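Read the structure below first, then the notes.
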Amino acid sequence: MKVRVAIIGGGPAGLMAAEALTARGIGVDLFDAMPSLGRKFLMAGKSGLNLTHAEPLDTFLSHFGEARGHVENAVNHFPPEAVREWALELGTKTFVGTSGHVFPKSMKAAPLLRAWIRRLKSRGMCVHVRHKWTGWDEAGALQFETPDGLKTTMAEATILALGGASWPKLGSDASWVPALKQANVKPFEPANCGFNVEWSDFFKERFAGEPVKAVALTADDIRTNGEFVVTEYGVEGSGIYAHARTLREMMKDKGEATLRLDLMPDVPLEKVIARLSKPRGTKSLATHLKKTVFLSGAKANLLRECAADKLDDVDALAGAIKSLPIKLTGARPIEEAISSAGGVSFEALDDGFMLTAKPGTFCTGEMLDWEAPTGGYLLNACMATGRTCGVAVAAYLKAA
């Protein structure tokens, strides 16, 4: 089999590469190891598909940390406004939530994905599912394991959109790493992941699954407002994910990390002290906390769990409310993470994400060495880098 462009991976990055190519009249053959396309995209949509974020572009790009310089050009050419226009073209209206997150009005991923695949097929995309890429043969042909045995395909250009190492049951299993010796692949680590905390049996049994909202979280002097969920093993949620990169680095240095919570981020310490100083009388501490500083449930019990030695002194208790230390003992396994850090080094790629050691082969999406918190940043950047790859392949074919 011989094709002009082979795209390997049917997630948002691969599909957006197909979008850029087919819009330019270039047909593509898209291969995916799974029985259907966009499985991780659909999974992300189960809790309301967060397509992008409506904050200023410079703020948006700041969430990519050290990788900003590598993804900035791609995102500039497919910014949040373009994501919303693209969705609207496919019949999906979007809205901006109170926190700036952008969602489909239906809050569903499936209708958008179906419309997208229909359009790509109508433009010349041919889909091959249950094709697991295993590398190249000696003649340079792409090799695929299929239900009908080993198959090979020659392509003028290849786009690899193979994902990272999170959620392997949905196809992102990093099994491609041995085949890309030219890519200087950095080891994968969990990103947007939960962290372990050694909770007491009481706290674990009583509060696992409880959300903790309207708090400020600080790690290594980086403070953000957000929320998280108490789990049986520790903590997870968007507020935790925003600090995942920092917490991982702290653990590498010290073997553990401390996350500090401000349980009353909008109230200054002096006012917390004043409220707690009101006469307690015969009231229990739980009642006193509830009536004076309006803390109850998981928040109040976090104080008992992590600051038991500070409950009898007003100043110490107020200090704990404003800066409660949560000791994290490790990240959850990468298989549980929403996304992964690590991947193909940008030093191995040119500006169009082509492997300099293997001309005609491009890499995109989550298999690249970048990470960002949830909140629309991941999906927008995956699609943006996919679009950049598609445009670069079109130029590569024209110059060939």
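All of the numbers you see were taken from the coordinates with simple rules; none came from a lab. Here the structure is a predicted model, which is why all the values come from computation and not from measurement. Using ideal geometry, Cβ is built from the backbone for each residue, glycine included, and neighbour counts are taken over all protein chains shown.
Listed values, structure above:
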{"quantity": "Over the chain, relative contact order from alpha-carbon pairs under 8 Å, at least 6 apart, %", "calculated": "25 percent"}
{"quantity": "Sequence-distant residues sharing a close amide H with VAL215 (under 5 Å, placed H)", "calculated": "GLY226"}
{"quantity": "Flagged links, alpha-carbon separation over 29 Å, of LYS105/LYS186; LYS254/LYS358; LYS204/LYS310", "calculated": "LYS105/LYS186; LYS254/LYS358"}
{"quantity": "Simple label model, 7 Å out from Cα along Cβ direction - ASN184 to ASP351, nm", "calculated": "1.9 nm"}
{"quantity": "Full-stretch length increase - MET251, MET1 - with 0.36 nm per residue and alpha-carbon distance subtracted", "calculated": "85.1 nm"}
{"quantity": "Inter-site label distance for THR59 and LYS271 at 7 Å from Cα along Cβ, in nm", "calculated": "2.2 nm"}
{"quantity": "Relative contact order, percent, region 195-331 [alpha-carbon distance under 8 Å, six or more residues apart]", "calculated": "30 percent"}
{"quantity": "Degrees separating the helix 12-22 axis from the principal Cα axis of the chain, which is the longest one", "calculated": "30 degrees"}
{"quantity": "Computed helical MRE - 222 nm, the chain, DSSP H runs ≥ 4 contributing -39500 (n - 2.57), nearest 500", "calculated": "-10000 deg cm²/dmol"}
{"quantity": "Cα shape, region 275-373, gyration tensor, a/c 1.5 rule", "calculated": "prolate"}
{"quantity": "Calculated FRET efficiency for the pair ASP148/THR287, C-beta based, R₀ 60 Å, to 0.05", "calculated": "0.30"}
{"quantity": "Unsatisfied cross-links (Cα-Cα over 27 Å) in the set LYS121/LYS398; LYS213/LYS271; LYS93/LYS132; LYS213/LYS290", "calculated": "LYS93/LYS132"}
